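Have a look at the structure below, then the notes.
The values are calculated or read from the model by the stated rules, or taken from the named source; none is laboratory data. Because the structure is a prediction, the values reported are computed rather than measured. For neighbour counting, all protein chains shown are included, and Cβ atoms are generated from backbone atoms with ideal geometry for every residue, glycine included. To get the accessible areas, we keep the full protein, side chains included, count just its heavy atoms, and leave off ligands, DNA and RNA. Shrake-Rupley method; radii C 1.70, N 1.55, O 1.52, S 1.80 Å.
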Amino acid sequence: RVLGRKIDRVMQNATLVVAGNEYLAERAHTTGAKRVKILPSVVDADLYAPASERTSGFTIGWIGSPVTAPYLEQVRLALEKLTNGNQAKVSLIGAGDAIKWENANVQVLPWREEDEIQNIQQFDVGIMPLVDEPFERGKCGYKLIQYMACGLPVVASPVGVNRQIVENGITGFLAESEQDWQKALMFLRENPEKRREMGLAGRAKMEHRYSLKATTPKLVDLLKI
């Protein structure tokens with residue numbers, strides 16, 4: 001009751017509100033914010049890079065936290081079908097105790113800043129499942145941008161800004177149903193050259209739109225009020 005509308009008052013009285021996507025920008029506009037601009041989440045392209053070599057096999061990767069790990073339940077059946085048949089391994093970075101799947105082909109690794117990029121580089125595809133609800137529509141797709149920065153194809157739920165980040169069939173796939181997820185992941189597993197092609201397209205898009213180098217000048221201009 002005390003703090004519930006605080007962010008509204010902050011945005012209403014701010015000279016400038018910077019939002020990570022259109023959904024959040026619309027939310028800012030409803031408060032009467034005077035000036036709202038959109039800048040996406042970005043990564044430093046000089047730090048992230050595609051791996052020179054990857055381990056053998058096919059690894060489906062996810063990075064997040066115990067708070068966001070429950071979204072993985074959206075794709076659990078699809079992942080189990082792939083891992084139970086030894087067609088893939090799954091690497092979950094930062095899920096913690098939120099994931100307790102009894103599967104030898106699913107590994108849960110701790111998140112550490114110093115290991116983050118190296119861990120992502122060991123993936124063959126990066127995933128971002130979500131439920132389609134108000135909080136999730138406000139997410140800015142940061143993990144997708146991390147995957148793309150490492151030259152990976154991505155598979156994501158068609159929720160919020162994911163629809164803009166992922167170009168279906170070009171940088172990866174948007175998947176809604178269990179069948180969609182399984183089909184997309186199997187396609188990427190069986191087509192390594194297409195994985196490479198999509199990964200390169202994703203990396204190029206990250207450099208053009210979701211990199212620190214591309215976005216910093218835009219932020220500087222916004223702050224010149």
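Do you know the relative contact order of the stretch 82-172, to the nearest whole percent, from alpha carbon pairs under 8 angstrom that are 6+ apart? 22 percent.
Exposed loop sites are taken as GluC sites (Glu not before Pro) in a DSSP loop (any state but H, G, I, E or B) with at most 16 other beta carbon atoms within 10 Å; the longest stretch of the chain without one runs 103-166. Counting heavy atoms of the protein chains alone, residue 124 has an accessible area of about 10 Å² for a 1.4 Å probe. Take every pair of alpha-carbon atoms less than 8 Å apart whose residues are at least six positions apart; their mean separation over the length of the chain yields a relative contact order of 20 percent.
To the nearest 0.05, how large is the calculated FRET efficiency for residue 12 and residue 46 if R₀ is 45 Å and r is the Cβ-Cβ distance? So, using R0 = 45 Å, E works out to roughly 0.75. Legend: translational diffusion of the stretch 157-214 by Stokes-Einstein, Rh = Kirkwood radius over C-alpha pairs, 37 °C, 0.692 mPa s; D = 271 µm²/s. Above 11 Å, the calculated P(r) of the stretch 49-98 contains 72 percent of its Cα-Cα pairs. Against the empirical 2.2 N^0.38 Å (N residues), the stretch 120-208 has a Cα radius of gyration ratio of 0.99. Placing 194, 34, 143, 218 in order of accessible area, with the largest value first and a 1.4 Å probe, yields 34, 218, 194, 143. Please identify, among 211, 91, 52, the residue showing maximal mean-square fluctuation in a Gaussian network model of the chain using a 10 angstrom Cα cutoff. Maximum fluctuation in the GNM of the chain, among the listed residues, is at 52. Ranking of 213, 100 by solvent-accessible surface, largest first: 213, 100 (1.4 Å probe, protein heavy atoms only, all chains present). As a size descriptor, the averaged projected area of the C-alpha convex hull of the stretch 7-88 was calculated at 8.8 nm². Placing a label point 7 Å from the Cα of residue 37 along the Cα-to-Cβ direction, the residues of the stretch 194-225 with a backbone N closer than 13 Å are 215-225.
Taking Lys and Arg as +1 and Asp and Glu as -1, the other residues whose beta-carbon sits under 9 Å from that of residue 17 total +3. Per the Cα gyration tensor, the stretch 15-145 maps to an equivalent ellipsoid with semi-axes of 32, 19, 12 Å, ordered largest to smallest. Taking every alpha-carbon pair in the chain and binning the separations at 10 Å intervals from zero gives 8, 31, 34, 18, 8, 1 percent. When the Gaussian network model of the chain links Cα atoms closer than 10 Å, the mean-square fluctuations of 16, 82, 39 top out at 16.
Normalising the average separation of contacting C-alpha pairs (under 8 angstrom, six or more residues apart) by the number of residues puts the relative contact order of the stretch 1-112 at 19 percent. Could you pull out which residues in the stretch 23-63 have an amide N less than 19 Å from a spot 7 Å beyond the Cα of residue 223, following the Cα-Cβ vector? Flagged as within label range: 35-45.
Over the residues of the chain, the helix contribution to mean residue ellipticity at 222 nm works out to -11500 deg cm²/dmol, using -39500 (n - 2.57) for each DSSP H run of at least 4. Remark on the stretch 86-143: Rg and Dmax equal 13.1, 36 Å (Cα only).
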